[in-house]
1. Please count how many residues of the range 19-30 are surrounded by fewer than 20 Cβ atoms within 10 Å (Cβ to Cβ) and modelled with pLDDT of 95 or more.
2. How about the range 36-53: which of its residues are surrounded by fewer than 24 Cβ atoms within 10 Å (Cβ to Cβ) and either under 18 Å from Asp18 (Cβ atoms) or in contact with a Lys or Arg (Cβ under 7 Å, 6 or more places away or on another chain) (or both)?
3. May I ask you to list the residues in the range 57-76 that are touching a Ser or Thr at 6+ places or on another chain (Cβ under 8 Å) and surrounded by 23 or more Cβ atoms within 10 Å (Cβ to Cβ)?
4. Kindly indicate whether Arg134 is away from the ligand (no atom under 11 Å from the Cβ) and over 25 Å from Gly206 (Cβ atoms).
Amino acid sequence: MDTESIRNAYRRYARIYDDVFGRILASGRHAAVARINRQGGRRVLEVGVGTGISLSDYRRDLDIVGIDLSLEMLTVARNRVQREGLTNVEGLLEMDAGRLAFADASFDVVAAMYVLTVVPDPQGTLAELERVCRPGGEIVIVNHFAEDKPGLRRTVERGLAPFSRKLGWRPDFTLDALLSGSRIEVEAMDTVPPFGLFSVLQCRRGAAASGSGNPA
Ligand SMILES: C[S@@+](CC[C@H](N)C(=O)[O-])C[C@H]1O[C@@H](n2cnc3c(N)ncnc32)[C@H](O)[C@@H]1O
């Protein structure tokens, strides 16, 4: 999907997102935030923060910045921050994950939950996540990755590929494809419900600078 189609889709989903996807996708979010919460005192960027459904789960001694392409999703997130008094949320900004307006190495942790298969250029977006993460920092990803071994699951996933535009995700998307050209190291990977369809990846940004040259 291009960014305009994504904006249009999430303009429609904003009001119903938490009711429809809140519980279905909860396990991956909880597992990702639990990993981030292991260490406090850090600055965290949540890319594709959506309605801010995870914001209240973060430790209060973390500084959280959220970005999203959809103003309507961000409005729900901003209302949540106000309602729940989430003073650890430093800002919620309208921004494209593929062109982050942050300087290199601005964050200790960068999280992307259920986002990388929605964006038009997943590898380019991952490079941006890597750029704004400090050397040695953590990148936490929750995503569906297609099964690359033959079998029923792979057949179903490939059959769904033509409908990806409607679904807003890519059923045929593999982890190898995402990581090709990236220098992040995957340190841990768990599968989570429903049906083990989603994976939680804990990754480390290598110490060498990856700077894409994007302006701060
Ligand atoms: C499936 S929702 C996931 C929301 C949230 N992370 C969660 O765990 O429920 C995908 C989110 O990514 C956002 N998004 C899609 N493409 C984006 C982009 N290029 N830049 C920033 N956000 C994007 C959408 O607006 C939407 O809020």
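1. Looking only at that region, the number is 4.
2. Result: Asn37, Gly40, Gly48, Ile53.
3. Matches in the range 57-76: Met73 only.
4. Considered against the rule, which asks whether it is away from the ligand (no atom under 11 Å from the Cβ) and over 25 Å from Gly206 (Cβ atoms), Arg134 comes out as no.
Conditions tested, residue by residue: (1) in contact with a helix residue (DSSP H, G or I) (Cβ under 9 Å, 6 or more places away or on another chain); (2) without any contact (Cβ under 8 Å) to a residue 60 or more places away in the chain; (3) more than 9 Å from the ligand (Cβ to nearest atom).
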site: Glu4; (1), (2), (3): no, yes, yes
site: Ile16; (1), (2), (3): no, yes, yes
site: Leu25; (1), (2), (3): no, no, no
site: Gly28; (1), (2), (3): no, no, no
site: Gln39; (1), (2), (3): no, yes, yes
site: Arg43; (1), (2), (3): no, no, yes
site: Glu46; (1), (2), (3): yes, no, no
site: Arg99; (1), (2), (3): yes, no, no
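The values are calculated or read from the model by the stated rules, or taken from the named source; none is laboratory data. None of these values were measured; they are calculated from a predicted model. Glycine also receives a Cβ, built like all others from the backbone with ideal geometry; neighbour counts cover every protein chain displayed.
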